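One structure is given below, encoded as structure tokens.
The numbers here are math on the coordinates, done by the rules we state, and not lab data. As the structure is a computational prediction, the values presented were derived from the model and not from experiment. Every residue, glycine as well, gets a Cβ built from its backbone with ideal geometry; the counts of neighbours run over all protein chains shown.
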Amino acid sequence: MNSRTKKAMAGVLLVTGVATMTACEIDEGNGKTAGEKAAAEVKKDKPESDFTVAQENAIDSAQSYLDMSGFSHDGLVEQLSSKYGDGYSVKDATVAVDALDVDWNAEAVQSAKSYLDMSGFSRAGLIQQLSSPSGDQFTKAQATYAADKVGL
């Protein structure tokens, strides 16, 4: 299953309100999953007034995607700038993604877990899917980290 199909499935699940989560995955203090808490926060080193309206909107969109699913830096820029995604300019999408403080290793682990929930993968197959330019576009190091963390 390619990255676009995975993202479309996640979107359908989000829109229809179908989601499964075990109670142990939710932090009772704020109702967020560990992935959402670790996903991203806007960096404080650039005042919000320095962002254009489009960039602020792209930041909001990027955060929403990260809350929903595991994304790589390049995969998130592609999603935001694709004519089949949000349609932001590559520049605005890149500014938005770079404005977030994201643990890309954690995102790779989240994506790896999603793949393993849907299908079986060998270690090499999972690393390939996560790091492929036509897959999730994580770095090889991030994909390997994720494979290690999920026990492959």
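Annotation: amide H of Leu100 within the under-5 Å range of Lys43, sequence separation 5 or more or interchain, hydrogens built in the peptide plane.
From the square roots a ≥ b ≥ c of the eigenvalues of the alpha-carbon gyration tensor of the stretch 105-151, which class results: rounded (a/c under 1.5), prolate (a/b over b/c), or oblate? Note, shape of the stretch 105-151 comes out rounded. Separation of the stretch 53-76 and the stretch 84-123, taken as the distance between their Cα centroids, equals 9 angstrom. Full extension of the chain segment joining Ala141 with Gln128 gains 3.5 nm, where the gain is 0.36 nm per residue of separation less the Cα-Cα distance.
Taking the Cβ of Gln128 as the centre, find all other residues whose Cβ is under 14 Å away and add up their charges (Lys, Arg: +1; Asp, Glu: -1).
Working: positive: Arg123, Lys140; negative: Asp136.
Value of the local net charge: +1.
Spin-label model, Asn57 to Ser119: label points 7 Å out along the Cα-to-beta-carbon direction sit 3.5 nm apart.
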